[in-house]
1. Going by what's in this entry, would Asp88 be described as under 37 Å from the mean Cα position of the chain (by Cα) and loosely packed, with under 13 Cβ neighbours inside 10 Å?
2. Search region 367-382 for residues that are on the phi > 0 side of the Ramachandran plot and pair each with any residue that is of a type in the set (Asp, Glu) and surrounded by fewer than 21 Cβ atoms within 10 Å (Cβ to Cβ) when their beta-carbon atoms are under 9 Å apart and the residues are at least 6 apart or on different chains.
3. Could you list, in sequence order, the residues of region 325-350 that are assigned to a loop (DSSP other than H, G, I, E, B) and either open to solvent by 30 Å² or more (accessible area, probe 1.4 Å) or touching a helix residue (DSSP H, G or I) at 6+ places or on another chain (Cβ under 7 Å) (or both)?
4. Applying the selection to region 52-110, what residues are over 16 Å from Leu35 (Cα atoms), touching a Phe, Trp or Tyr at 6+ places or on another chain (Cβ under 8 Å) and assigned to a strand (DSSP E or B)?
5. How many residues does region 68-81 contain that are farther than 13 Å from Ala126 by Cβ and either touching a residue at least 60 places away in the same chain (Cβ under 8 Å) or open to solvent by 20 Å² or more (accessible area, probe 1.4 Å) (or both)?
6. Since Val128 meets every condition but one in (1) under 37 Å from the mean Cα position of the chain (by Cα); (2) over 15 Å from Val68 (Cβ atoms); (3) not aromatic (Phe, Trp, Tyr), which condition does it not meet?
7. Could you say whether any residue in region 56-67 is buried (at least 20 other Cβ atoms within 10 Å of the Cβ) and either farther than 19 Å from Ala126 by Cβ or touching a His at 6+ places or on another chain (Cβ under 6 Å) (or both)?
8. Output the residue which, of all residues in region 212-259 that are of a type in the set (Ser, Thr, Tyr) and not in a loop (DSSP other than H, G, I, E, B), is modelled with the lowest pLDDT.
Amino acid sequence: MSACAPVPRSYRLPGPNRATPAEGGFRAGDLVIPLPSIDPLVHCTRVYDTFADHPEWPGLAVVNRGAVVGMIARPDLYATFAKPLLRDLYERRPISLLMDRLPLVVDADLSLDEVSQRIAHDKPGALVSGFIITEGGEYRGIATALALMGRSVEQARAKNRELDEARKAAEAANSAKSSFLANMSHELRTPLNAVIGFAELIESEVFGPLGNERYAEYAADIRVSGHHLLDLINDLLDLSKAEANRLELSEGRVDVRSIVGSSVRIVAELAQRGGVTLRAEVPAPLPPLWGDERKLRQMVLNLVSNAVKFTPAGGGVTVSAVLTEEGGLAVAVSDTGIGMSPDEQVRAMEPFSQIDNAMNRRQKGTGLGLPLTRRLVELHGGRLRIDSVSGHGTTVTLYFPAERLETRVVSPVEA
């Protein structure tokens, strides 16, 4: 249809398309208003009358021999004809004299984001005048910024619905996983405690001698392995509870110096076997920390044992606790071990993820230590920070907020 020929008065803009966006979102073709084009030689008065007959039309494309050569927007033509002298000058002249010779032309396959970028960078005026859509180089229709915004809102809502559904599915899957891990952990702990108990009975020869020393060694191996497996199961259970927000604190006044000291003593044998120097540096006095003593010891033990495991013979591990400038408490474990790159630090904080290197492959573990420790310190309102350089050691610091400290004790350094 062309404005050179009579325009049917029954022709109206199509109603809004309620179709949902296809995969990847709406395209420019979804914005098309299939209006007729006009020839560049048609008189301006004819175009003016066409706009008067169709007040809903935002503009018209000017097409010559199948190629888009310009566009005339309703506001521009009306502004010209509002001035009597200009109307007299152009009413019998071809529309090519008033058309925009460089309209924004976009392909129907462009995404809405790409269309928005084209408008912003190439033709901001298209927000008012509209723009032309082609397909395979052929004219398809006009589109407006209002339609673009409407489709963008629909697309955003559809995306939000998808994200919400994905979030709910992920939460359901995570909840199911956490419940499974919790149930499995409880089921495993009962027989495992029995195995450990029987191993201790056999090792201590409660009912008489075993008859061969190797049986006692085997019983000791069963006991040690059982305790190691029980520790892993407990970590798994705590992590599953933390992820399900079901981990609770049994809070009280905790002596941080005592926690650090006992943790160092527990790991001392492991450090000695590995040729690692282990020491604690905790200035006295420190104010009591309000928290869960068992979980605080679990956090420090996780960090110290990790540091010892990944420090080569001849290296050292230092555990320290100091008051921060903000009035909180910082418990740090520093080592001279293998260190981590930024990518490895990210992986180390993911449950069940282990860094792939020769030393790590020689160590036992599930990759739960750091993720669980972070969950536990966050449960206390604190945070965990890793400072590490590959090949130059690691420092992991637990920060506890000032409100966790019962009193403010001034250290000699601050006095």
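The values are calculated or read from the model by the stated rules, or taken from the named source; none is laboratory data. All values reported here derive from a predicted model rather than from experimental measurement. All Cβ positions, glycine included, derive from the backbone under ideal geometry; neighbour counts span all protein chains shown. These area figures cover heavy atoms from the full protein model, side chains too; ligands, DNA and RNA do not enter into them. Shrake-Rupley method; radii C 1.70, N 1.55, O 1.52, S 1.80 Å.
1. Working: under 37 Å from the mean Cα position of the chain (by Cα): no; loosely packed, with under 13 Cβ neighbours inside 10 Å: yes.
So Asp88 fails the test.
2. Gly367/Glu350; Gly381/Glu403
3. Of region 325-350, the ones assigned to a loop (DSSP other than H, G, I, E, B) are 325-328, 336-341, 349-350.
Those that are assigned to a loop (DSSP other than H, G, I, E, B) and either open to solvent by 30 Å² or more (accessible area, probe 1.4 Å) or touching a helix residue (DSSP H, G or I) at 6+ places or on another chain (Cβ under 7 Å) (or both): Glu325, Glu326, Gly327, Gly328, Thr336, Gly337, Ile338, Met340, Ser341, Met349, Glu350.
4. Matches in region 52-110: none.
5. Start the filter on region 68-81 by keeping residues that are farther than 13 Å from Ala126 by Cβ, which leaves 68-70, 72, 74, 77-81.
Keeping just the survivors that are either touching a residue at least 60 places away in the same chain (Cβ under 8 Å) or open to solvent by 20 Å² or more (accessible area, probe 1.4 Å) (or both) gives 68-69, 74, 78-80.
Final tally of qualifying residues: 6.
6. Single failed check for Val128: (1).
7. No, the conditions are met nowhere in region 56-67.
8. From region 212-259, those of a type in the set (Ser, Thr, Tyr) are 215, 218, 225, 240, 250, 258; that's our starting set.
Adding the requirement that they be not in a loop (DSSP other than H, G, I, E, B) leaves 215, 218, 225, 240, 258.
Numbers: Tyr215: 83, Tyr218: 83, Ser225: 79, Ser240: 70, Ser258: 91.
That would be Ser240.
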